[in-house]
1. Is segment 45-60 home to any residue that is touching a strand residue (DSSP E or B) at 6+ places or on another chain (Cβ under 7 Å), more than 14 Å from the ligand (Cβ to nearest atom) and touching a residue at least 40 places away in the same chain (Cβ under 8 Å)?
2. Note down all Cβ pairs under 8 Å where the first residue falls in segment 415-429 and is without any contact (Cβ under 8 Å) to a residue 60 or more places away in the chain, the second is open to solvent by 60 Å² or more (accessible area, probe 1.4 Å), and they're at least six residues apart or on different chains.
3. Mind listing whichever residues of segment 358-402 are closer than 30 Å to residue 459 by Cα and surrounded by fewer than 14 Cβ atoms within 10 Å (Cβ to Cβ)?
4. Please specify each residue of segment 269-286 satisfying the condition of being surrounded by 16 or more Cβ atoms within 10 Å (Cβ to Cβ) and either over 21 Å from residue 52 (Cα atoms) or of a type in the set (S, T, N, Q) (or both).
5. Out of all the residues in segment 177-190, which are under 16 Å from residue 222 (Cβ atoms) and open to solvent by less than 50 Å² (accessible area, probe 1.4 Å)?
6. Look at residue 104 and say whether it is modelled with pLDDT of 95 or more and either away from the ligand (no atom under 16 Å from the Cβ) or touching a Ser or Thr at 6+ places or on another chain (Cβ under 8 Å) (or both).
7. Given (1) within 15 Å of the ligand (Cβ to nearest atom); (2) closer than 18 Å to residue 16 by Cβ; (3) touching a residue at least 24 places away in the same chain (Cβ under 8 Å), where does residue 252 come up short, assuming only one miss?
8. Select from segment 135-145 the residues that are part of a helix (DSSP H, G or I) and either surrounded by 14 or more Cβ atoms within 10 Å (Cβ to Cβ) or in contact with a Leu (Cβ under 8 Å, 6 or more places away or on another chain) (or both) and list them in ascending order.
Amino acid sequence: MVRVRFAPSPTGPLHIGGVRTALYNYLFARQQGGKMILRIEDTDQTRFVPGAEQYIIEALDWLGIKFDEGVHIGGPCGPYRQSDRKSLYRQYADQLLRDGWAYYAFDKPEALDAKRKEYEAQKKTFQYDCTTRMGMENSLSLGMEEAQRRIDAGEPYVVRFKFPENIDITVHDLIRGDVTMNSRLLDDKVLFKSDGMPTYHLANIVDDHLMEITHVIRGEEWLPSAPLHVMLYKAFGWQAPQFAHLPLLLKPEGNGKLSKRDGDRLGFPVFPLEWHDPKSGEVSSGYREQGYLPQAVVNMLALMGWNPGTEQELMSMDELIKLFNIEHVSKNGARFNLEKAKWFNHEYFQMLSDEQVASYLEKQLGERGISSDHNYVVKVAGLMKERITFPCELWDTCSYFFQAPTEYNEKDVAKRWTPDMHIHMAKVIEILETVPFEHDAIHKALLDDYIAANGLNTGKVMNSLRIAVVGRTVGPDMITLMLMIGKDETISRVQRAIEKLKTEN
Ligand code: GLU
């Protein structure tokens, strides 16, 4: 039975790179008929940010990434928040100490700092490892008796992993194949801290084991930690899960990891939902608040680092579940592409029903105190949605269906509204008043019998009519538009334009 987990640390809003990690875990779990677990890794109390856990849950829920077990829904392997599992980790640190896989270290922060500086002065980097550990203050260098004396005297200590000297450690990665590293290059990471909390490394391995995780799918930034994790499984005598380290999400230019600053610079969010930083009060924009549809965000993220091997780009969550293949995830970082993100949103916006689009529009009308017949709004939505990428554009694009223009675009007027135009517009009114108010009749009377028969410039007359009705030269087919807003409203708008533009010209 496949069991995967998404294991974020609640240190702030969830970056879209993290969302993609959650998504790939979800697609894999669903495809394999497995379980998806949400575990909160909050062992580093100094980085804890209030509200972050709730944010993560809400963001993934918005995107339709569902869990089978987790901090918010419980399950057979709970609790799912590491701070609630605190009492459980000590025994595992003790087991490693007993079996010679770990040791106590008493080095004060100042002593470690001094060491680092000493190495820096020689242009080297200090690492607490098999080559340096005997020169430090720990139970290996001091002896167990002295170490016990210090512990009994209440001296603070940490527990460090003891890497065997000079062995090759191989991580088998489903995306990258075998990744091998020599233990001489790895530092004796702290597993248990003086505050009585495990570090990420210990808690992560213990929990993955106890929660029976079969596949660890996570960001590339964790690849350097993977040899330690493989060794920890060995030290505990547990079977390690399979690993897959996902490629980074890169800046649009391709150089380096996508950051919030890139988003601010280029005008796109790097977080799923808007985030209000509880400390600084700073607000970061979110995909949801910017009007992205969750299906579009999911589809876009799925294709950042993976593709189905065909040209197909639009895929629903169900299709993604069918087509996803972890072995086809790319080793290389995936660039963020803002135009592509907008394209996805536009495509998914077109898939909304006219009713759904109308409900966005009705909200915007409500905010402006405009009430309108529901069926009419649905009709406008159907006619105009192909021009829309984000719901917030609806009002600007459709306002003239609900109210007469309050001003006329100067450039358009200068280009189209020639001094004789009031004569033609008066004629338009006359035509509209006399012919049956339906498409073919208007078309014949206006375009054939008046404009064409008098050798007038169709573009000039029809665009002037458009200026009168819309305020500028944009919009759908002119006759369709007149039929939508109605005869009286059309005539009154043309009348008004004649008066306004005559006096202005
Ligand atoms: N807590 C880690 C993070 O925030 C999880 C890494 C992992 O999945 O092992 O990314």
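1. No, that holds for no residue.
2. Close Cβ pairs (under 8 Å, with a partner that is open to solvent by 60 Å² or more (accessible area, probe 1.4 Å)) amount to 416/460; 418/460.
3. 386, 396
4. 284, 285 - these are the residues of segment 269-286 that are surrounded by 16 or more Cβ atoms within 10 Å (Cβ to Cβ) and either over 21 Å from residue 52 (Cα atoms) or of a type in the set (S, T, N, Q) (or both).
5. 179, 186, 187
6. The answer is yes for residue 104.
7. For residue 252, the exception is condition (1).
8. 139, 140, 141, 142
The values are calculated or read from the model by the stated rules, or taken from the named source; none is laboratory data. Everything numeric here is computed off the predicted structure, so don't read it as measured data. Backbone-built Cβ (ideal geometry, glycine too); neighbour counts: all protein chains shown. Areas reflect the complete protein model, heavy atoms only, side chains present, ligands, DNA and RNA absent. Shrake-Rupley method; radii C 1.70, N 1.55, O 1.52, S 1.80 Å.
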